[in-house]
Structure formats: structure tokens, C-alpha cells
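Report on the following structure.
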Amino acid sequence: MAKSKRLPVLLTGLILSLSLVMETGMSVQAGSNKNLMEPINGGVAAILDPGATNTSEVIGATARELNLTASQTEAGSNLAMANVKDALNVRSEASEESDKVGKLYKDCGGTILERKGGWTKLQSGNMIGWCKDEYLLFEEEAETLANDVGKLLAYGKEALWVRMEPSTEAESYGILSKGEPVEVMEVREDGWIYIAYDSGDGYVLGDYVTLSFMIDKGETLAEIKARQAAEKEAKRHVNYGEYTTDADTAMLLAALIQCEAGGESYEGQLAVGAVVMNRVRSGAYPDSIHGVIYASGQFTPALNGKLNRLYESGKISSSCIKAAQEAIAGASNVGDLTHFRRNNGRSGLVIGNHVFY
């Protein structure tokens, strides 16, 4: 078997390479002649929302509008991460007296546009504004946190087979559709990408996928207001004990549990539900189940449409529904942990095929 590298080992080198997707619109192709571990100039992190096709255009237009010089936008690391327990207010100017324009939550990141006087102007999603430097992480600290909480995703440039082994002769689980995102577990030196696939973790050829690194983004005041208004429109309420929510939202959580852990034991299903509810209660994330589930860069099934399709079909297993109801009621077998991913060797609480941290 060809030598492989676990995802955490990629750290800065991988983020450096992926920054090209944001900075220049270029795609990074695993399996090409470029070494993913080789540092690339022009930025150190890709903060991408693959649902948007014009991320680099937005950044470029913002830079031009603000008359930023190349040195302001390209020199050094352009990544800043929130360094708060809950949420950070983002201001219209570099002053605590200026108006709020939005919030940057724990584990959210943004692209640095300008820095002055202990303040940083950044863009995170649709939000552009100023944050005090004391509440942000920069350079290596920002990269380390982003690598810990973010996800590396692969998108098929065309429909391709997902193989059970890293060989074109191996049997396949099925087909990865063009443009469908899947979480990357390993980037191998032999040109294959090890991915988390529905039917079982499998392999795709790196030449046929594009990689992008995702972290969560902040919300503008308008986005916060719209989200809260939508949540208030729910009219059917079910009290599960600790947390009261509408029945449809409980089923949405159950659908997410099935997407993420449908093949796991009940313990594993409850753990996924508990992670979502831990985020809802923490104050460091959106304060609703819907807001947490659809936060950018967090849950791949919400990104690729699988969650919506399952929810609309109503074909959700009774165990996942029970796990959702118990998690909403306050049951947790993972304490106050707020993250999980496929077990790729990182430290944490291992339950089935997932590691919680």
C-alpha cells in the first residue's frame, strides 16, 4: 500500500496551498505535480463557502472599493479567527462607539482587509467590519484553530466512482456526483483521496476533484434578524423537557443525525444530537437548532442537499428521531463537546466511527 498522510499532518502547508482558491480563483488539484505541503505565497488560508461561486470576486471587489494596496491584502497571513467564548461584535468603524454590523461567533474566521490601531477590518461571509485585535487570533494561532475546527472538502469535477480501495480495479460503493461535496479524511501521496462516503469510506482519484477548506463565518445584523424571525414563525411546539422547539425542527435534527450517523449505534446517534444541542446552549454559536445545523462549513449534509432531501422525504429512522428528542431534552453522552468528525486518529472521545472533541 502506498504511503499516506493523515489529515492533521497537513496543517499550515495544506492551508497555504488552498489559499489560492480564494486569492486567485485557482483550483488546487490533489494528485497533480504540485506538492500540497509546499508553501505558496499570497495568503495562508482559504475561507470558502462552496455554495457561492464568486468568493474571490467578492474579496477582490471589496479590496478595490476600499482602495487597499497589495501589501495590505496579500502580505503575510490573511486569516483571522475569533478568540472568544461566545460571540464578538463587529463594528462599522475601528471604534467601540461605532455601530454594530454583525457578530463573529466562536470558531468563525474572516479574511483580513485592513489593520490599524489595534483593530482589524475583515470580511466573513457577507459581513465586513472592524474587530478589536484582542479578541482575534492571527498567523500560526489562527491557522492552528482553523485547521482544528474547519473541514477539508472534495468536490467532483465530474461524476466519478468511489472505490473501496485506492485502485481503479477495486470495486465501487457508487458514484460521487459532479459538484457534490464530501469530507476528506486523508490526502494520499499516491494521488488518491480518502473520503467519507455514504455507503462506506472510500477513495476517489485526486485528479478529478477540487479541494477547498471551510470554516464557519459570521452573520450580519440583517441575517441574524431574518433567522430569528423565521424561527418565531414556527407554530407547532413540542416540549421535550429542557428545550422547547417546534416539531419540524426536531425532525430536522433527526434527519441530520441520520445523515451523519445513520449507520452508527444509538450511542453514536445520540452523541451527534448532543453536539448540536451543546452548540445551541453554548452561546458561542447560533442559538437555534436550525441556525447551528445550517451554519456555513459545519455539517456537510446541510451543504450538499442530502439533509433537505431526507427531511422532505420523511424517511427518518425511529432511532434517530428518539436520539433527537432525547438530545433536545438534555441527554448527552459527550459532555459539553461541540465538535465531531470521522475518526482519523485525532485525540478525543471515540464512539463508533466518529471522534468527538
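Considering each residue of the range 309-327 in turn, none proves to be out of contact with any helix residue (DSSP H, G or I) (no Cβ under 9 Å at 6 or more places or on another chain), of a type outside the set (Ser, Thr, Tyr) and touching a residue at least 24 places away in the same chain (Cβ under 8 Å).
Is it the case, given these coordinates, that Asp216 is of a type in the set (Asp, Glu), touching a strand residue (DSSP E or B) at 6+ places or on another chain (Cβ under 6 Å) and either modelled with pLDDT of 90 or more or closer than 24 Å to His354 by Cβ (or both)? Outline the logic, then answer.
Details: of a type in the set (Asp, Glu): yes; touching a strand residue (DSSP E or B) at 6+ places or on another chain (Cβ under 6 Å): yes; either modelled with pLDDT of 90 or more or closer than 24 Å to His354 by Cβ (or both): yes.
Spelling it out, Asp216 is indeed of a type in the set (Asp, Glu), touching a strand residue (DSSP E or B) at 6+ places or on another chain (Cβ under 6 Å) and either modelled with pLDDT of 90 or more or closer than 24 Å to His354 by Cβ (or both).
Only one of these is in a helix (DSSP H, G or I) and either of a type in the set (Asp, Glu) or within 21 Å of Asp107 (Cα to Cα) (or both): Pro301, Pro286. Name it. When all the criteria are applied, what remains is Pro301. A count restricted to the range 196-205 and to residues that are buried (at least 22 other Cβ atoms within 10 Å of the Cβ) and either under 14 Å from Leu152 (Cα atoms) or under 16 Å from the mean Cα position of the chain (by Cα) (or both) stands at 0. Exactly one residue out of Tyr155, Tyr105 is in contact (Cβ under 8 Å) with a residue 40 or more places away in the chain, surrounded by 14 or more Cβ atoms within 10 Å (Cβ to Cβ), under 25 Å from Asp287 (Cβ atoms) and not β-branched (Val, Ile, Thr): that is Tyr105.
A quick yes/no check of all residues on (1) touching a helix residue (DSSP H, G or I) at 6+ places or on another chain (Cβ under 8 Å); (2) surrounded by 21 or more Cβ atoms within 10 Å (Cβ to Cβ); (3) under 14 Å from Gly218 (Cβ atoms):
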| residue | (1), (2), (3) |
| --- | --- |
| Ala82 | yes, yes, yes |
| Asn89 | no, no, yes |
| Ser95 | no, no, no |
| Ser98 | no, no, no |
| Gly109 | yes, yes, yes |
| Lys116 | no, no, no |
| Leu122 | no, yes, yes |
| Ile128 | yes, yes, yes |
| Glu139 | no, no, no |
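Contact map, the range 180-207: residues that are at positive phi paired with residues that are surrounded by fewer than 20 Cβ atoms within 10 Å (Cβ to Cβ) and assigned to a strand (DSSP E or B), Cβ distance under 9 Å, separation 6+ or inter-chain. Pairs shown: Gly191/Leu205; Gly200/Tyr173.
Mind listing whichever residues of the range 188-205 are closer than 12 Å to Arg163 by Cα and modelled with pLDDT of 90 or more? The answer is Trp192, Ile193, Tyr194, Ile195, Gly202, Tyr203, Val204, Leu205. Just one of the listed residues (Glu267, Glu260, Glu242) is closer than 17 Å to Ala331 by Cα, at pLDDT 90 or above and among the acidic types (Asp, Glu), and it is Glu267. Considering the conditions (1) crowded, with 16+ Cβ neighbours inside 10 Å; (2) assigned to a strand (DSSP E or B), Val350 is excluded by exactly one of them, (1). Here is the figure for the range 171-193: residues that are polar (S, T, N, Q) and part of a strand (DSSP E or B) total 1.
The values are calculated or read from the model by the stated rules, or taken from the named source; none is laboratory data. Keep in mind the model is a prediction, meaning the values are calculated, not measured. All Cβ positions, even for glycine, are placed from backbone atoms using ideal geometry, and neighbour counts span all protein chains on display.
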